[in-house]
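Student: Below are the structure tokens for one structure; questions will follow.
No lab work stands behind these numbers, since they all come straight from the coordinates. The model shown is predicted, which means the values in this text are computed figures rather than measured ones. Neighbour counts run over all protein chains shown; Cβ positions are idealised from the backbone, glycine included.
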Amino acid sequence: MITHLADTRGLADHGWLKSRHTFSFAEYYNPERMGFGALRVINDDSVAPGMGFGTHPHRDMEIISIPLEGALQHKDSEGNESVIRKGEVQIMSAGTGILHSEYNASSNETVKFLQIWVMPEKLRVKPRYEQKALNHSERQNKIATVVSPDGRGGSVTINQNAFFSLTDLDEGKRVTYERQAEGNGVYIFILKGEVEVEGAKLKDRDGVGIKSFKSATIKALSPAEVLLMEVPVI
């Protein structure tokens with residue numbers, strides 16, 4: 001198990017943008033934190049009202065956005081334009097190349113969201129965008145897949161043998177995550193609350209990576225929200 005406590009993450013403060021980086025990103029560089037298998041970036045972003053990331057390019061990367069508070073305005077060169085909020089998930093396969101912008105859709109509320117990058121399985125694919133609303137009841141004291149390579153269970157699809165899942169746990173509840181593909185590891189990120197993962201106690205924004213596993217058990221020590229990212233590690 002590889003544990004990354006919340007306060008050990010990289011920090012970027014640009015005034016309008018405050019971001020914590022689990023892995024090396026932009027001006028934050030840590031040779032011991034270059035990713036976890038195919039998982040390359042976990043940025044915990046907070047964007048001021050009316051501000052955001054102007055139009056910029058990406059290529060050959062799977063980019064997932066998960067809002068935690070507020071609303072995020074998306075536009076891209078493929079003609080997609082939408083707003084995503086807490087309870088939704090967005091994925092953009094950059095493929096051969098795409099331009100996009102992400103702005104706070106509110107003029108008076110901060111938007112907080114996770115920006116996650118996963119290296120793709122296939123390069124130079126046609127760019128693609130998808131977003132879906134999530135059903136809260138499907139993850140209440142259960143594990144719900146929200147990103148997968150085949151869209152199982154109504155999840156958004158990713159160009160990689162990767163599976164993202166969410167669970168919302170009441171205090172004292174326990175769930176066990178079963179590996180979905182051989183050769184994958186899992187990175188568990190605590191969105192909120194305090195949990196115990198395979199004996200390790202973790203709280204808000206802590207993360208733990210498990211490279212060799214068949215299952216992992218999470219017990220809630222308080223009401224908690226947890227994101228699980230299963231990705232190829234070999």
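Student: I want to make sure I understand the PRE zone here: with the label point 7 angstrom from the Cα of A6 toward its beta carbon, which residues in segment 149-175 have backbone N atoms less than 16 Å away?
Tutor: 169
Student: Let me ask another. Note down the nm distance, to one decimal, between modelled labels 7 Å out along Cα→Cβ at L68 and at L123.
Tutor: Distance between label points: 3.3 nm.
Student: Continuing with the same structure: Using only the alpha carbon atoms of segment 10-133, find the Kirkwood hydrodynamic radius as the inverse mean reciprocal pair distance, in angstroms to one decimal.
Tutor: Its Kirkwood hydrodynamic radius stands at 14.7 Å.
Student: Need the full-extension length gain, N141 to R59, defined as separation in residues times 0.36 nm minus the C-alpha distance. One decimal, nm.
Tutor: 25.8 nm
Student: So how much slack lies between E130 and E78, counting 0.36 nm per residue of separation and subtracting their Cα-Cα distance, in nm?
Tutor: Difference between extended and current length: 17.6 nm.
Student: Can I ask one more? Testing the spin-label approximation: label points 7 Å from Cα along Cα→Cβ at D150 and K203. State their distance in nm.
Tutor: The modelled label-to-label distance comes out at 4.1 nm.
Student: Something else: Would you mind giving the average projected area, over all directions, of the Cα convex hull of the chain in nm² with one decimal?
Tutor: With the hull built on Cα positions only, its mean projection is 11.8 nm².
Student: Average the reciprocal distances over every distinct pair of alpha-carbons in segment 121-194, invert the result, and give the Kirkwood radius in Å.
Tutor: 13.9
Student: Right, here's the next one. Apply 1/(1 + (r/R0)^6) to the Cβ-Cβ distance of K211 and S101, taking R0 = 35 Å, and write down the FRET efficiency to the nearest 0.05.
Tutor: Working from the Cβ atoms, E equals 0.50.
Student: As an exercise, use a Förster radius of 41 Å and the Cβ-Cβ distance of E32 and A181 to find the FRET efficiency, rounded to the nearest 0.05.
Tutor: Approximately 0.95, to the nearest 0.05.
Student: Another one. Highest first, please rank the peptides 66-76, 194-204 by the mean number of other Cβ atoms sitting within 10 Å of their residues.
Tutor: Put in order of decreasing packing, that is 66-76, 194-204.
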